[in-house]
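The values are calculated or read from the model by the stated rules, or taken from the named source; none is laboratory data. Here the structure is a predicted model, which is why all the values come from computation and not from measurement. We place every Cβ from the backbone using ideal geometry, glycine too, and count neighbours over all the protein chains shown. Protein only, heavy atoms only, side chains kept; ligands, DNA and RNA dropped before computing areas. Shrake-Rupley method; radii C 1.70, N 1.55, O 1.52, S 1.80 Å.
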Amino acid sequence: TPEALRVAIGARRLLRLGFAVVNPLPDAEHRLYALLAATYGNSAHSRYNALIRRLVSFERAVECARP
């Protein structure tokens, strides 16, 4: 799923932040883009970027919330 692939993309940082990420999927960036391209065609690039921005935003929010 796009969600599982996003977790795999952010696995290193999420692990550092204390989240349990077990066996992140390999080549997640390319797999996510391919999945989006198959579903959304020419809109895949903007959708990919939006999903990555949301991941980074979540990671930053967790970092800011920690003492």
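Observations
- Overall, the chain carries a charge dipole of about 180 debye about its Cα centre when +1 sits on the Cβ of Lys and Arg and -1 on the Cβ of Asp and Glu, all other atoms neutral.
- The chain: trypsin sites (Lys or Arg not before Pro) falling in loop per DSSP and having at most 10 other Cβ within 10 Å: none
- Positive-end extreme of charge dipole, the chain - chosen from Asn49, Leu14, Leu36 (charges on Cβ): Leu14
- Cα point-scatterer Debye curve for the chain, base-10 log of I(q)/I(0) at q = 0.12 Å⁻¹: -0.32
- Ellipticity at 222 nm from helices only: DSSP H runs of n ≥ 4 in the chain, each -39500 (n - 2.57), divided by the residue count, give -23000 deg cm²/dmol.
- Count Lys and Arg as plus one, Asp and Glu as minus one, and take only other residues whose Cβ is under 12 Å from that of Arg53; the net charge is then +3.
- Residue-normalised accessible area of the chain, given per residue in Å² at a 1.4 Å probe: 72
- Here the accessible area is traced with a 1.4 Å probe on the protein chains. For the chain, carbon and sulfur cover 56 percent of it.
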